[in-house]
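Only one structure is covered here, and it is reproduced in the block below.
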Amino acid sequence: LTWTTRVGLITPMVDLATLGLKIDSSQAVNAAGDLDKLTGAATRTEGGVVKALLAATKAVNGATAAVNSSTGAIMKGLEQMQRPAAQAARSFDQIRSSLDPLYSASQRYATVQRELADLRRGGSVFDGLVDTGFV
């Protein structure tokens, strides 16, 4: 209620106003439903991803075990092949030594040199001789 003055008269004036207010919450309800659907889909997707990762890990572990097993078998085969090859080389050297006296002497000399080097590294009776220049 307001009061106005006109040429000395005071009269009450009534302001009438109408306020219309409408709230539409249907979009919020739809959004909540959509969010529930999205959450469900995400949960199912997460479960699928976890299952896929577990299956992939199991497959990789199986493949790794197979590779390890194969590697072991290959190494064993190589070791078995190496033995006869080394034995054949020794046999060849023995035959050669018996036929070639110079080769035999050079091999004996190389063996003696290796043995002397081993003794020198091991700190033997040669320690005193090294200082005197004899060895």
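The values are calculated or read from the model by the stated rules, or taken from the named source; none is laboratory data. Every value quoted in this text rests on a predicted model; they were computed, and no experiment measured them. Cβ: placed from backbone, ideal geometry, glycine included. Neighbour counts: every protein chain shown.
Structure notes:
- The set of residues in the range 1-57 being at pLDDT 55 or above and of a type in the set (Asp, Glu) consists of ASP24, ASP34, ASP36, GLU46.
- Verdict on ALA59 being free of Cβ contacts under 8 Å to residues at least 40 places away in the same chain and more than 40 Å from the chain's Cα centre (by Cα): no
- Taken together, the criteria place ASP100 among residues that are at pLDDT below 80, surrounded by 10 or more Cβ atoms within 10 Å (Cβ to Cβ) and acidic (Asp, Glu).
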